[in-house]
Every structure is written in C-alpha cells, then in structure tokens.
Amino acid sequence: MGFKPSLKRLIGAPRHVPLVPSAGISGWSLPARLLRIIIDTAFMASVCLTVLFAIVSVVAIFLPLNSFSITIDDGANARQMPLTRTLVLFVMAVVTTYFAGTVAILHYLRLLFRTLLAGDPFQPANILRLRLIGAALAFVTLLGWGARMLVAQHLAVGAIDTPGIGELITPAFAIIITFTLAELFREGARLRRETELTI
Amino acid sequence: MAIRVQLDRLLAERRMSLTELADRVGVTVANLSILKTGKARAVRFSTLEALCRELDCQPGDLLAFEPGPANPFPED
C-alpha cells in the first residue's frame, strides 16, 4: 500500500511509553535505557537553550551596544573592534535557528525511539522522520558552517578562524548514514507489511 | 491479483460460514477475510494444508490463476 503518514502522527506528541519494558520487546537493554535518557535530556536542554537565545535575540534589538567591543588577537597584536548590532543580531539569529534545528532533530528522534521501545520501529512514519532528521542535520551543519564563514570573512574579519571544507566531512557522513537508515527502515516496513499479509 | 482464492465458492458449496472455517482452521476471521478478498501477499503451507483438510479439497481447488496485473499493491 502507498505510504501516507499523517501530519498529526508525524509531528504529534510522543506516544506514551510506560516505564516498564513493553510486550513488544523482551525488556529494554541498557543501551536503550541510556539512549532514552540522553535523548530526552538533550531535547529538554535544546528547548531551554532555544528559548533562552530567542529571548536574548529580542533583548539584543533594544540593548545599547556603544560600550561593547570585541578584541581581535591575531597573535602578534591585538585590536579593538566595535560590536555592531548587525553582528550581534546575525549571530543570535543563527544560534537560535541552530538550536531550533537541534530541537527538531531530537523531537523526531524521540518519536522514533518511542516506536522502538514500543516494539514496533518499522513504521512508514519513521521513514519520513529519519529523512527529516537527515535534512535537519544538513541544514544545521550548513547553517553553522556558512555563518562562521560569513562572520570570519565579512562581519568580523579576524575575530574567528575561517572554517575549512574538511569540517563538513564528519557531518556529511552522519547525514549519509541517516538517509541510508531511512532506506533500511523503508525496506523493513515493506517486509513487515509482507509478513502481516501472509496468512 | 493473478492468483485468486476461491474461498467463497468452496464455502458456498459446503454451506460453511467464514467464522466456522476460521474456528476449524485456527486462523482469525480477519485474516481469512484478507485471504478471501485477495489482499493476502502469501499463504503458508500450514494454512493451506488446514484449509484443504477442513474444506476437503486440493490446493488447486482453492487457488486459481487469472491473467492480469500481478500485484495490485504498489511498493511502499
């Protein structure tokens, strides 16, 4: 059958998972328990940081910046550079968006992980969740890298090092692995359906 | 589907209900209904054996080949 996960199912709150092992799997393994704690903690931390940076971004609009400056030290000599509102707002917007992207990734990861703990991970909805995680990973990676490049070369020359293209290799692997996992889940969901329709 | 399950005809000939057959074979009515409506992807030999035993027929009486689209279910 065609795969049409509902939006409600995709973005809805995680299904309640009891604190005892479900009948679906024979007890949660230690790595599963640890992962659940890590993901939940990271999600809560990301939500808090996103809200915090969003508030700071709004405050930065009205904050007088005349008395603030940044010191650029290239090793040989140090110089002062005025802290511009453009730079502050750009950095705050990027950081807030970065953490919002992290929240999205962890939210989908939580939903995905709960289906695993419920003993039914090969659901069509998880395929889209993994693809969205991959896309969000690519977005936050390129956002962080591009923003650093922009700050280093235009907004505050010399303040930070220009990021190298080599820094994108590891995140690129993570993105490729995520999309590969999505395809594995697609095949898993198809096999599950085959089994369901075997009488 | 190219393979058609002729459960309707066999049940009518034997004046047996789907529920009764399900009880005898040990398969749920829902699963037997999937089989009857041609939505099943595969049939286990054990199920086929039980159906043939209870309906007193051969596998060939239960299944028929009809030229047509092989798989009405597009892949996910």
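The values are calculated or read from the model by the stated rules, or taken from the named source; none is laboratory data. All of these numbers come straight from a predicted model, not from anything done at the bench. So basically every Cβ, Gly included, is an ideal-geometry build from the backbone, and we count neighbours across all protein chains shown. When the accessible area is computed, the model is the full protein with side chains, heavy atoms only, and any ligands, DNA or RNA have been set aside. Shrake-Rupley method; radii C 1.70, N 1.55, O 1.52, S 1.80 Å.
Worth pointing out:
- Of all residues in region A:175-199, those that are within 30 Å of B:VAL5 (Cβ to Cβ) and within 7 Å of chain B (Cβ to nearest Cβ) have Cβ atoms under 6 Å from Cβ atoms of residues that are part of a helix (DSSP H, G or I) and open to solvent by less than 30 Å² (accessible area, probe 1.4 Å), 6 or more apart or on another chain, in A:ARG186/A:ILE127; A:ILE199/B:LEU35; A:ILE199/B:THR47.
- Condition met for A:ILE70 (in contact with a Leu (Cβ under 9 Å, 6 or more places away or on another chain), surrounded by 13 or more Cβ atoms within 10 Å (Cβ to Cβ) and β-branched (Val, Ile, Thr)): yes
- Residue list for region A:159-181, restricted to those being open to solvent by less than 80 Å² (accessible area, probe 1.4 Å) and either under 16 Å from A:ASN126 (Cα atoms) or assigned to a helix (DSSP H, G or I) (or both): A:GLY166, A:LEU168, A:PRO171, A:ALA172, A:ALA174, A:ILE175, A:THR178, A:THR180, A:LEU181
- Residues that are open to solvent by 20 Å² or more (accessible area, probe 1.4 Å) and touching a Phe, Trp or Tyr at 6+ places or on another chain (Cβ under 8 Å) within region A:88-105 comprise A:MET92, A:VAL95, A:THR96, A:PHE99, A:VAL103, listed in sequence order.
- Lone qualifier among A:ARG114, A:ARG131 - being within 30 Å of A:LEU30 (Cβ to Cβ), of a type in the set (Lys, Arg) and open to solvent by 30 Å² or more (accessible area, probe 1.4 Å): A:ARG131
- In region B:27-52, the qualifying residues are those that are small (Gly, Ala, Ser) and in contact (Cβ under 8 Å) with a residue 12 or more places away in the chain, and the one that is nearest to the other protein chains (Cβ to nearest Cβ) is B:ALA40.
- On the stretch given as region A:161-174, residues that are over 20 Å from the mean Cα position of the chain (by Cα) and either among the acidic types (Asp, Glu) or within 14 Å of chain B (Cβ to nearest Cβ) (or both) total 1.
- Inside region A:141-158, residues that are in contact (Cβ under 8 Å) with a residue 40 or more places away in the chain and open to solvent by less than 60 Å² (accessible area, probe 1.4 Å) make up a count of 7.
- Across region A:123-132, a minimum of one residue is classified as modelled with pLDDT under 90, more than 29 Å from A:GLN80 (Cα to Cα) and part of a loop (DSSP other than H, G, I, E, B).
- Some residue of region A:182-192 being over 30 Å from B:VAL43 (Cα atoms), exposed (fewer than 13 other Cβ atoms within 10 Å of the Cβ) and touching a helix residue (DSSP H, G or I) at 6+ places or on another chain (Cβ under 9 Å): no
Here is a yes/no grid of residues against (1) within 20 Å of the chain's Cα centre (by Cα); (2) at pLDDT below 85; (3) polar (S, T, N, Q):
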{"site": "A:GLY24", "(1), (2), (3)": "no, yes, no"}
{"site": "A:LEU30", "(1), (2), (3)": "no, yes, no"}
{"site": "A:PHE43", "(1), (2), (3)": "yes, no, no"}
{"site": "A:PHE53", "(1), (2), (3)": "yes, no, no"}
{"site": "A:THR71", "(1), (2), (3)": "no, yes, yes"}
